[in-house]
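*Asks:* Got a structure for you, questions after.
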Amino acid sequence: MDFSAKHIAFVVASYGLSFAVLGWLIVTTLLRDRRLRAEAARLDTRRGSPRQ
């Protein structure tokens, strides 16, 4: 990457935004997985059949 280019601010901002969006997607996916696993466990215990 040429740091002396005129458009370096745009390039760095684009990389930063891309990393932020990817991080947000990873975090929301992990949080949703945790929430759904907890809900599935709750429903299994409510139904009386342990998950195998």
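The values are calculated or read from the model by the stated rules, or taken from the named source; none is laboratory data. From a predicted model like this one, the values you see are computed outputs, not experimental measurements. Cβ atoms come from the backbone with ideal geometry, glycine included; neighbour counts cover every protein chain shown. Surface areas here come from the heavy atoms of the whole protein model, side chains and all, with no ligands, DNA or RNA. Shrake-Rupley method; radii C 1.70, N 1.55, O 1.52, S 1.80 Å.
*Asks:* Would you be able to say whether some residue in segment 4-21 is of a type in the set (Lys, Arg) and part of a helix (DSSP H, G or I)?
*Replies:* no
*Asks:* List every residue pair whose Cβ atoms lie under 8 Å apart, where the two residues are 6 or more positions apart in sequence or sit on different chains, the first residue falls within segment 31-52 and is modelled with pLDDT under 95, and the second residue, located anywhere, is open to solvent by 80 Å² or more (accessible area, probe 1.4 Å) and of a type outside the set (Ser, Thr, Tyr).
*Replies:* These pairs meet every condition: Ala40/Arg51; Ala41/Arg51; Asp44/Pro50; Asp44/Arg51.
Listed here are the residues, each with its yes/no results for (1) surrounded by 10 or more Cβ atoms within 10 Å (Cβ to Cβ); (2) hydrophobic (A, V, I, L, M, F, W, C).
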| site | (1), (2) |
| --- | --- |
| Asp2 | no, no |
| Ala5 | yes, yes |
| Ala9 | no, yes |
| Ala13 | yes, yes |
| Leu22 | yes, yes |
| Leu31 | yes, yes |
| Ala38 | yes, yes |
| Leu43 | yes, yes |
